[in-house]
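J.: The structure under discussion is supplied below as structure tokens; questions concerning it will follow.
Taken together, the values in this text are just the output of simple stated rules run on the coordinates, not laboratory data. This one's a predicted model, so the numbers in the text were calculated from it and none came from an experiment. As a convention, Cβ positions derive from the backbone with ideal geometry for all residues, glycine included, and neighbour counts pool all protein chains shown.
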Amino acid sequence: MNKTVKKNALFASPYIVWIAAFIIIPLLFIVYYGFTDRAGNFTLENIKAIARPEYYEALALSLILAVISTIICLLLAYPLALILRNMNMSKQGFIVFIFILPMWMNFLLRTYAWQAILDINGVLDVFLAKFGITGFNIINTPAAIVLGMVYDYLPFMVLPIYNVLVKIDDNVINAARDLGANFWQTLFKIIIPLSKAGIASGIIMVFVPSLTTFVISDILGGGKLLLIGNIVENKVKADNLNLAAGLSLVLMIFIVINMVFSGNDESDSVKVKGGK
Amino acid sequence: MGNKLIDLQGISKSYGKHMVLDDLNLYIRENEFLTLLGPSGCGKTTTLRIIGGFEKPDKGRVVFDGQDITNLPPNKRHLNTVFQKYALFTHLTIAENIAFGLKIKNKPKAYIDDKIKYALKLVNLDGFENRMADSLSGGQQQRIAIARAIVNEPKVLLLDEPLGALDLKLRQDMQYELIRLKNELGITFVFVTHDQEEALTMSDTIVVMNQGYIQQVGTPEKIYNEPENAFVADFIGDSNIIPGTMIEDELVEFLNAKFKCVDKGFGNNTPVDVVIRPEDVELVAPEKGIIQGTVTHLIFKGVHYEMEVMANGFEWLVQSTKMWPVGTKVGIKVDPFNIQIMNKPESEDEEAVGVDE
């Protein structure tokens, strides 16, 4: 027994090296830079900097847009995952494939494509003009950024929810119907509670990249709308690593809060399978 | 037993090109324990799902208590189902599982609490209110599934192979438990199984199905002692099925020997199938038997010995409390009353008796 454990530990060692080299050590660097000034002396200035209006406004906007895009993703993804679950097996695979297909294309390209679509005199503008609709210009607005976030991150919401939903035994749903529950009662009392784990991972996987993105806001926000990600990017480019690290640490607090709130039901994913 | 409670009229159902049920007609009387018995793929579960409302028949009507419920969704039907593999709600406690149907119907809390207590007592699981479903054993989960169904006071309880996942001893205990429950509750049970012993033990009426057709309907005794065709004879218990000829009333010839029987009305010189249960074959000294043979196999089965006897080109399966060693010459005798004569299948419907085990 003990021998197997040791053997297994040996197999795990490359991952431990990986985690140490690329996650833990960089994280320690960020903490170090965050709490020091250029000369390497301890300081809280980089953390306190978030109190400056230009920074906390960016953080507030980031939080608002990330929350909105997460909610929109959830509202779009849940019904889609539910419809997928109820399809026959061969169709399910095909639709999931279609859904993942855009992810084969570069993320930047897809975002630039949206810029071309939304731009003044862009694809959408010209198309709408044919029907006499003008003035629908959302490029360089928060709406365009949210649209970009939803488009880019929606699959990350659909897939974990879908994965949990397909594991729910048909007869569990039939049992709810059998006991008198209508469609909505079955949905809210049985299906949604049993898919909490998928919803939680979906929320984390959409909220975290939405909160920290700087590319989407750069391309679809026209560089005028600064999210906290853009500010950190600017500081890195301006060679102010200490401030960038300090702001990143503040951002990390919100990510951890998000994970604590949505992640505490992770254990449910095991139970979903039901009768063993 | 009372009136017709459920009446299935001309039910047909197919999945794609595969015909699962073909013009099935069956009624279930009030307070009856009716078992749908057959090998997998015979349409028994589909029949149950049509009664429960989880499948819609392509053709035909489901009449419940005089009312056509063919198009009624499951949540509007006055019956409840106990599913294969229990299908408990794993995110709820046992009490919440049992209360589910009652809460949907907005029953008062005191009433629900009473019902939970009563149901747990009925299935011998008092005090399990706050446990989670997956902390229970298979047998306990199954009893909770039954409790969850019966608190709703359904007129009919549908059970879809509920004992299939349990081990042998537990399955036998649950069989007695189900009979007791049925007697205490006085409701109609429709039970689906592929286990003939289960069917014989519990049922008032057995419906033997194969390939979408009903093969025979009757009491367990009738199904066992007087199978109507070779499929039923073969599926229910062990049997010797031998092709033969009905010479005249009460006389049948098979394996080049004439046997007296009690069946009449088959006509003269009609080809028939003869069914003899292994426990009805009597082994005697060679000169006392109607035909003679040699014992080729011998197994001790506990209650009895099981032997195979080669006689006139047919391998007889014999069960007896008396042992005849392998190689012994024996005579075979059968009481006329224990010889069961069946018509050979003629129509296409009756062709569907092929054994697919």
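J.: Under 5 Å between amide H atoms, partner at least 5 residues away or on a different chain: which partners does residue B:229 have, H built in plane at 1.01 Å?
T.: Distant-sequence amide H within range of residue B:229: zero hits.
J.: Now for a separate question. Within 10 Å, count the other beta carbons around each residue, average over each peptide in B:87-93, B:227-233, A:181-187, and list them highest first.
T.: Going by the mean number of other Cβ atoms within 10 Å, highest first, we get B:227-233, B:87-93, A:181-187.
J.: On to the next question. Amide H of residue A:36 versus every other amide H placed in the peptide plane: which residues, excluding those fewer than 5 positions away on the same chain, fall under 5 Å?
T.: Residues meeting the amide H criterion: A:43.
J.: Where does helix B:94-104 land angle-wise versus the long Cα axis of chain B, in degrees 0 to 90, nearest 10?
T.: Around 70 degrees separate the two axes.
J.: Turning to a different aspect of this structure: How big is Rg to Rh over the protein assembly as shown, alpha-carbon atoms, Rh as the Kirkwood inverse-mean-distance radius?
T.: Expressed as Rg/Rh, it is 1.16.
J.: What is chain A by shape, rounded, prolate or oblate, if you read a ≥ b ≥ c off the alpha carbon gyration tensor as root eigenvalues and call it rounded for a/c under 1.5, prolate for a/b larger than b/c, and oblate otherwise?
T.: Here chain A falls in the oblate category.
J.: Among all the lysines, which ones have a C-alpha under 19 Å from residue B:115's C-alpha, if same-chain residues fewer than 8 places away are not counted?
T.: Of all the lysines, those that pass the test against residue B:115 - Cα under 19 Å, at least 8 places apart if same chain - are B:103, B:105, B:107, B:155, B:182.
J.: Once phi is turned into ³J(HN,Hα) by the Karplus curve 6.51 cos²θ - 1.76 cosθ + 1.60 with θ = phi - 60°, what whole-Hz value does each residue of the range B:132-143 show in order, with x for glycine and proline?
T.: Calculated HN-Hα couplings, in order: 8, 4, 7, 8, 9, 6, x, x, 5, 4, 5, 5 Hz.
J.: Run the simple label-point estimate for residue B:68 and residue B:113 please: 7 Å along Cα→C-beta, distance reported in nm.
T.: In this crude spin-label approximation the distance works out to 4.6 nm.
J.: Label 7 Å along Cα→Cβ of residue A:110; the range A:201-230 residues with amide nitrogen under 18 Å?
T.: Within reach of a label on residue A:110, which here means backbone N under 18 Å from a point 7 Å along Cα→Cβ, the range A:201-230 contributes A:202-221.
J.: I'd like to know which of B:332, B:178, B:300 lies farthest towards the positive end of the charge dipole of the protein assembly as shown, counting +1 on Cβ of Lys and Arg and -1 on Cβ of Asp and Glu.
T.: The residue sitting farthest along the positive end of the dipole is B:178.
J.: Is the range A:47-130 rounded, prolate or oblate when judged by the Cα gyration tensor, a ≥ b ≥ c being the square roots of its eigenvalues, rounded requiring a/c under 1.5 and prolate requiring a/b larger than b/c?
T.: Oblate is the answer for the range A:47-130, as a/c is 1.5 or above yet b/c matches or exceeds a/b.
J.: Tell me which residues come under 5 Å, amide H to amide H, from residue B:297 once H is placed; ignore anything under 5 positions away on its chain.
T.: So residue B:297 has HN proximity to B:308.
J.: Considering only chain B, what is the antiparallel percent among its DSSP beta bridges, to the nearest 5?
T.: Bridges in chain B that DSSP calls antiparallel: roughly 75 percent.
J.: Angle check, please: helix B:168-185 long axis (alpha carbons) against the longest principal axis of chain B (alpha carbons), in degrees 0 to 90, nearest 10.
T.: 60 degrees
J.: Gaussian network model of chain B, Cα springs within a sub-10 Å range: biggest mean-square fluctuation belongs to which of B:253, B:184, B:221?
T.: Fluctuation is largest for B:184.
J.: Next question, about the same structure. Add -39500 (n - 2.57) for each DSSP H run of 4 or more in chain B, then divide by its residues: what number comes out at 222 nm, to the nearest 500 deg cm²/dmol?
T.: The per-residue figure over chain B is -7000 deg cm²/dmol.
J.: Can you compute the modelled spin-label distance between residue B:25 and residue B:131, with each label point 7 Å from Cα toward Cβ, in nm?
T.: The modelled label-to-label distance comes out at 4.8 nm.
J.: I would also like to ask the following. Looking only at A:245, A:197, A:51, which one moves most when chain A is put into a Gaussian network model with springs between Cα atoms under 10 Å?
T.: Largest GNM mean-square fluctuation: A:51.
J.: While we're on this one: Which angle between 0 and 90 degrees, to the nearest 10, do you get for helix B:109-122 versus the longest principal axis of chain B when only C-alpha atoms count?
T.: 20 degrees
J.: Shifting gears a bit: For chain A, return all DSSP H helices satisfying: extent of Cα atoms along own axis at least 15 Å; mean Kyte-Doolittle hydropathy at least -1.0.
T.: Answer set is A:2-19, A:53-86, A:89-100, A:107-118, A:142-165, A:196-212, A:241-263.
J.: Let me ask another. How would chain B be classified by its alpha-carbon gyration tensor: rounded, prolate or oblate, with rounded meaning a/c under 1.5 and the a/b versus b/c comparison settling the rest?
T.: The shape class here is prolate.
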